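Working notes for the structure below.
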Amino acid sequence: MLVLGIESSCDETSAAIIEAEQDKLTVKSNIIASQIETHRLYGGVVPEIASRAHTEAVARVTREALEQAGCKLGDVGLIGVTNRPGLIGALLVGVNFAKSLAYANGIPLVGVQHICGHMAANYFSEPPLRPPYLSLVASGGHTSLVFAESYTDFRTVGRTRDDAIGEAFDKVARNMGLPYPGGREMDRLAAFGDPEAIAFPSAAISGDNLDFSFSGLKTSVINYLHRLDQKGEPYPMEDIAASFTRSVVTSVIKKLSAAIEELSPAALAIAGGVAANSHLRAAVSALAEEKGLPLYMPPLPMCGDNGAMIAAQAYFDFLAGKMDDCSLNASAVHDL
Ligand code: KG4
Ligand code: ZN
């Protein structure tokens, strides 16, 4: 079966065609139109601008996805679209477009949860990831530890109580004077710094829980920068990036390790934009090896928002009997 996946929850408009046969999934095309250059002018995502840019791009990326996959809309057996959570105006663009395509062409439609979509990026791996497994979802809008009992049953066992991990990377980077989104540049700078240079606080909430708090860590870095400003001293960019990254990664590993002890998963996965971070990937690889667990990490282009991961989750939702119609709506509410 060919599945068309459409994603427009934040600042990337994407459409993809995947081929799905039992649990074997193949990406035929995955077109991503990024709005990052536009939002960079404002230092972050401007929701109204995002909605307009999605409106301009959605038909074009869908056409390109079909062309690159060498198929027509009539060959598509299912349309999946991100309908929650995300920026409401941005989500509505993808949802309304997908509903129109599905209705006009008599194709079944499934609304997809964005975080489940991120986790589904690992279903393309070879051999494929199969539930049950434990996944860290680390993106610009979300930070959760999710236990996937099946392709459609999820239990969130830990989450951030304030900022998301990527949001913390971006806000710290912005205060250091780096352009939006600064996560990737922080990753690069951290490789040249001393991770022990500055003692920033942990983002792991103490006690018997699997939750995080990134706002205290973020504030601590910002205060550190203010103190340097007051003294008129330059920022040791590499050391700040390395020390901040160390604090983030150590916190994540601490809770991930506790979750493994508690849940004894058969496999470990990471997903989301921040899963592209090289320091996080190295630390999670070491943890998986220590625990003797198979580890699944999406290739870098599949970490950020894309239509292929949405198509993958739509396929498994559909197999489990889920189907939506023209009453499908978008929702900004985090429901996982
Ligand atoms: O998953 P994603 O594309 O969007 C959301 O669903 O939120 O994640 C985007 C986030 C941004 O905060 C970006 O700075 C961060 O992922 N990011 C990184 C790296 N690459 C992207 N953060 C740290 N290191 C990276 N290499
Ligand atoms: Zn995302």
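The values are calculated or read from the model by the stated rules, or taken from the named source; none is laboratory data. Predicted model, so just to flag it, every value in this text is computed and none were measured. Because the Cβ atoms are built from the backbone with ideal geometry, glycine has one as well, and the counts that use them run over all protein chains shown. Please note that ligands, DNA and RNA were not included when accessible areas were found on the heavy atoms of the full protein model with its side chains. Shrake-Rupley method; radii C 1.70, N 1.55, O 1.52, S 1.80 Å.
Remarks
- Subset of the range 126-181 [aliphatic (A, V, I, L, M) and under 22 Å from LEU293 (Cβ atoms)]: LEU129, LEU134, LEU136, VAL137, ALA138, LEU145, VAL146, ALA148, VAL157, ILE165
- Flag for SER139 being over 18 Å from ALA15 (Cα atoms), within 11 Å of ligand 1 (Cβ to nearest atom) and in contact with a helix residue (DSSP H, G or I) (Cβ under 6 Å, 6 or more places away or on another chain): yes
- Extreme residue, nearest to GLN22 (Cα to Cα), among residues of the range 116-132 that are small (Gly, Ala, Ser) and open to solvent by less than 10 Å² (accessible area, probe 1.4 Å): ALA120
- The lone exception for SER34 - which of (1) of a type in the set (Ser, Thr, Tyr); (2) more than 16 Å from ligand 2 (Cβ to nearest atom); (3) at pLDDT below 95 it fails: (2)
- Condition check for PHE212: in contact with a strand residue (DSSP E or B) (Cβ under 9 Å, 6 or more places away or on another chain) and of a type in the set (Phe, Trp, Tyr): yes
- Condition met for ASP11 (surrounded by 14 or more Cβ atoms within 10 Å (Cβ to Cβ), within 14 Å of ligand 1 (Cβ to nearest atom) and modelled with pLDDT under 95): yes
- Subset of the range 252-276 that is within 16 Å of ligand 2 (Cβ to nearest atom) and open to solvent by 10 Å² or more (accessible area, probe 1.4 Å) - its residue that is farthest from the chain's Cα centre (by Cα): ALA276
- The combined condition, being open to solvent by less than 10 Å² (accessible area, probe 1.4 Å), in contact with a strand residue (DSSP E or B) (Cβ under 6 Å, 6 or more places away or on another chain), within 16 Å of ligand 1 (Cβ to nearest atom) and not basic (Lys, Arg), is fulfilled by GLY94.
- Taken together, the criteria exclude ALA275 from residues that are away from ligand 1 (no atom under 16 Å from the Cβ), aliphatic (A, V, I, L, M), closer than 30 Å to GLY117 by Cβ and out of contact with any Asp or Glu (no Cβ under 7 Å at 6 or more places or on another chain).
- Every residue from the range 63-77 that is out of contact with any Gly (no Cβ under 9 Å at 6 or more places or on another chain) and not basic (Lys, Arg): GLU64, LEU66, GLU67, GLN68, ALA69, GLY70, CYS71, LEU73, GLY74, ASP75, VAL76, GLY77
- Out of VAL110, VAL58, sole residue that is over 26 Å from SER144 (Cα atoms) and of a type in the set (Val, Ile, Thr): VAL58
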